Amino acid sequence: MTALLEMRDLRVTIGSTAAVRGATITVNKGETHCLVGESGCGKSISALSVMNLLPRGAKRETSALRFAGEEIGRYTERQMERLRGDRMAMIFQEPMTSLNPAYTVGSQMTEVLRRHRSTPRAQAVDRAAELLARVGITAPGLRLGQFPHQLSGGLRQRVMIAMALMCDPELLIADEPTTALDVTVQAQILRLLATLQQDLGLGILLITHDLGVVARIADRVSVMYAGEVVESAPTASLFATPEHPYTRGLLTCVPVPGKVKRDEPLGSIPGIVPRITPGFTGCGFRDRCPEAHAACTGAIPRQAVSAEHELLCTLKPGWGGKAAA
Amino acid sequence: MSGAVLPAGRASRLLRNWGFMVGVAIVGFAAIIAILAPWIVPYDPFAIDLDRRLVPPSFMEGGDPRNFLGTDQLGRDYFSRLIYGTRISMVIGVLTVITSGLIGITLGVLGGFYGGKVDDAVVFAITTRLSIPAVLVALAVAALRGSSFLLVVLVLGFLLWDRFAVVARSTTMQIRNLDYVSAAWCAGASRWWVLSREVLPNIATHLAVVATLEMALAILLEAALSFLGLGVPPPLPSWGLMISEAKEYMFFDAWVIVIPGAALFVLVLGVNFLGDALRDMMGTDLSR
Amino acid sequence: MLRFFLRRFAVAVLVALTVLTLAFMLTRLSGDLAVSIAGPNATAEDVETVRRVYGLDRPLTVQYFDWLGNALRGDFGESYFFRDRVSNLIASRMPVTVTLGLVGLVLALVVSLPLGILAAVREGSWVDRLVGLFAMIGQAMPSFWLGLMLMVVFGLQLAWLPISGADTWEGFILPGVVLAFSAIPSLTRLTRSGMIEALASDYIRTARAKGLTRLSILVKHGFRNAAIPVVAIAAVQLGFMLGGSVVIETVFALHGVGYLAWESISKNDFPVVQAVVLVLALIYIGLTLLADLFNAVLDPRLRSA
């Protein structure tokens, strides 16, 4: 498989915080890559880095940032503008506030096509209506003329997805697209993303902290902690043989049907994600890690568990012998 | 963060704010001059000398070293009049703020604290006040009653309370709805206790910001009224009156209006700097 | 929505009635109005004549309702000094004041909108601080003094513009600039804070993710939302500007309503003063109502609420 997105050794500093410290993320064509981890571990920052949409004051560095084979790390803002919304699109966690309250759904959707393809208005409206129908919105003609505040959260997120698809992008970045929605709506949106991915051959980078979501739709998972990818593997492999103590901890926190015994409490990881300043060395998880030892303050080796399964830990792969979950 | 650390942090931030320092310097200087006026003036500001009229300031061509800022159209020492003018502006500013503050804070706190019909009435009073053209009414009242120093203070005080009321009302509402204040209510604290112990101390800082802005406005309005001849009556050396008396000569000797106008501008700017720094500080602290 | 406006309208009418009453009380402040009208050289007999002619010998409540009834019909009585209907006087002076107000407002918007946007985009930079300082200076500037200074510099020394009067359109430039200065600080600050808030919002991030151009993001998506409070304040500012026109019209000898009021004040011509106070207050009340309407048009959330 060819890599659609290849981001190597991403480093982001925001003020005196090292938000991302050498994360490598690749997304193959037509693949769903999930980025999981607790809040504040650098998932969203990594996602925003791909499109260079970081907040002001954030500094981004990569050793390579390739999109469809082209190095875009040194692209100017102008060049990036042309890529965004056209060949790579993004949807966000907050459907309630991510649409501009002052304009109709139709105007905000057609704007993308008019900007990138100079499509005449009538054609752009047709395309918008077609996509609204595609994301499961009934009466698209009516919705096009409505304002965001007239739509529910689930509908707005569908509109966001449809808007992201206006130019047939190759890569869709979804930053916790279901977190703010009701549980039933969450399932619908995820199913929609999975269907779209199959039909359109989209590469999806999906950020989530919900391992249930990951189990259902991801091809590949990267676990992030304190700005690093601590473990990355095909979904099946990660769930079968989680190696990093943090991954194991996460898995014990999730009730997986058939794996959790009745009357047994779910696990939890004590403590919170630390704020990492530049110059920090060693493993960011060591203060919360049950397996921590002296070597955890030094350089942490990147090890291959198998061909597709990578681990960032001082423990040898297979240390625990069996899956914790 | 503990309560003891915060004020020190605020204070040091204020000291690093150059706008605040400039404001303190200007207003402090003006206050000292206003207080010491009788002792530092070189001449009697009311002493007329018709033989020495419109002498330019000493640093200008034709100036006389005896009169640092020259003399006015009646030969009175401009520097001495300017110093006494500081006194008038400062006193009017402070007294107006006290008057309007008493009215506005009372109304605002009542509205914010009791809510309901009382609040409706207060909002109505504020709306009505805002729709009245203040300068015009001040002029009319001065014309009807005959202008005097006290009248200017009273008229301005009765016209400039709106911002006090608006801010006092909204901050009182916020504080009344805070958990610990509700807790005090439930614990059986009297209204007066809650007002004096919880509400007033907590809105005081916001009101300090309003006070500076209103003081600046009062100083400007007094000058405008005096300029139109219906403020402080002559021969008192109000800066507005000095500009008014000098404006016939301004096309020949521009300095006659530049001097009192610049003094007015600098003082108001200083008061505004002070208020702005306070507002910045409150703004950052409120967002926490 | 409709209910909201009916309520707003009812309050506006009540405020207007209150101002009417206050305007009536204003002229009765002097104690004996007849003495004021008759002037300092009048004999006791003159004062009595005045009292009878102007109906001041009637009970106060009768005078009040009489005046109120007339005022509601747009009849503010007759000027003591100009010997003309007050309504005619105001109508003939109004165009000058309104022109001046609009020139001032347009100038203020032309300066403060770009400055506010610039300061917001460069928040925290030296440009932002410079704009803040400019607003500060504008706020501290005594308008009458600025007017005199501009007259000296542009009218006399450079001789580019007329010193006073409004015989030609150039006569509106200097007073317009002075009037604009009074509104620039608040409009600039409001534009800046509105833009900062808008630019930090999620929909701006969406607009960037859509690959829109910087200009489109700033103006179409950012300013469109920041403009809502600015429009409201601009209308209110116009009201304040008209109210403050008395000072500027006097400085520049522009024969508008403010100048009329000042003339009447110095001539003890109270029906005129009363009427000008009232008319300016009514304009202000109307403008704030209009601002609310405008807000509803600009903000779709309000429209359907």
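Values in this text are rule-based calculations from the coordinates and carry no lab data. This is a predicted model, so every value here is computed, not measured. Don't worry about glycine lacking a Cβ; one is built from the backbone with ideal geometry, like all the others, and counts go over all protein chains shown.
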> If you wrap a convex hull around the Cα atoms of chain A, how much volume per residue is inside, in Å³?
Replying inline: 143
> Which residues make up the longest stretch of chain A that has no chymotrypsin sites (Phe, Trp or Tyr not before Pro) in a DSSP loop with at most 15 other Cβ atoms within 10 Å?
Replying inline: A:1-279
> Within the range B:58-164, which chymotrypsin sites (Phe, Trp or Tyr not before Pro) sit in a loop by DSSP and count at most 14 neighbouring Cβ atoms inside 10 Å?
Replying inline: B:59
> With each run of n ≥ 4 DSSP H residues scored as -39500 (n - 2.57), what mean residue ellipticity at 222 nm is computed for chain B after dividing by its residue count and rounding to the nearest 500 deg cm²/dmol?
Replying inline: -24000 deg cm²/dmol
> If you wrap the protein assembly as shown's Cα atoms in a convex hull and average its projection over all directions, what's the area in nm²?
Replying inline: 49.5
>> Among A:93, A:108, A:51, whose Cα projects farthest towards the positive end of the dipole of the range A:39-180, with charges put on the beta-carbon of Lys, Arg (+1) and Asp, Glu (-1)?
In response: A:108
> How much net charge surrounds residue A:91 when only other residues with a Cβ under 12 Å from its Cβ are counted (Lys, Arg +1; Asp, Glu -1)?
Replying inline: 0
>> Run the helix sum for chain A: -39,500 (n - 2.57) per DSSP H stretch of 4+ residues, divided by residue count, reported at 222 nm to the nearest 500 deg cm²/dmol.
In response: -9000 deg cm²/dmol
> Among the GluC sites (Glu not before Pro) within the range A:1-64, which fall in a DSSP loop and have no more than 14 other Cβ atoms within 10 Å of their own Cβ?
Replying inline: none
> Around residue C:246, with a cut-off of 13 angstrom between Cβ atoms, what is the net charge of the other residues, counting Lys and Arg +1 and Asp and Glu -1?
Replying inline: -1
> In the neighborhood of residue A:12, defined by Cβ-to-Cβ distances under 10 Å, what is the net charge if each Lys or Arg adds +1 and each Asp or Glu adds -1?
Replying inline: +3
> In a GNM of chain A with a 10 Å cut-off on Cα contacts, which of A:200, A:113, A:131 has the highest mean-square fluctuation?
Replying inline: A:200
>> Checking a compactness column here: for the range A:98-168, what do you get for Rg(Cα) / (2.2 N^0.38 Å), N being the number of residues?
In response: 0.96
> Once the dipole of the protein assembly as shown is set up with Lys and Arg at +1 and Asp and Glu at -1 on Cβ about the Cα centre, which of A:235, C:149, C:121 lies farthest towards its positive end?
Replying inline: A:235
>> Sort A:247, A:138 by Cβ crowding within 10 Å, fewest neighbours at the top.
In response: A:138, A:247
> Among A:159, A:254, A:50, whose mean-square fluctuation peaks in a Gaussian network model of chain A (Cα, cutoff 10 Å)?
Replying inline: A:254
> With no solvent and one point on each alpha carbon, what is the Debye value of log10 I(q)/I(0) for the range C:29-140 at q = 0.17 Å⁻¹?
Replying inline: -0.91
>> What's the magnitude of the charge dipole for the range B:185-288 around its Cα centre, counting Lys and Arg as +1 and Asp and Glu as -1 at the beta-carbon? Answer in Debye, nearest 20.
In response: 440
> Treating the beta-carbon of each Lys and Arg as +1 and of each Asp and Glu as -1, no other charges, what is the dipole magnitude of the protein assembly as shown about its Cα centre, to the nearest 20 debye?
Replying inline: 2400
>> Averaging over every viewing direction, what projected area does the convex hull of the Cα atoms of the range C:92-256 cover, in nm²?
In response: 10.5
> For the range C:262-305, which trypsin sites (Lys or Arg not before Pro) are both in a DSSP coil and crowded by at most 13 other Cβ atoms within 10 Å?
Replying inline: none
> In chain A, which longest range has no trypsin sites (Lys or Arg not before Pro) that are both DSSP loop (not H, G, I, E or B) and surrounded by at most 15 other Cβ atoms within 10 Å?
Replying inline: A:75-258
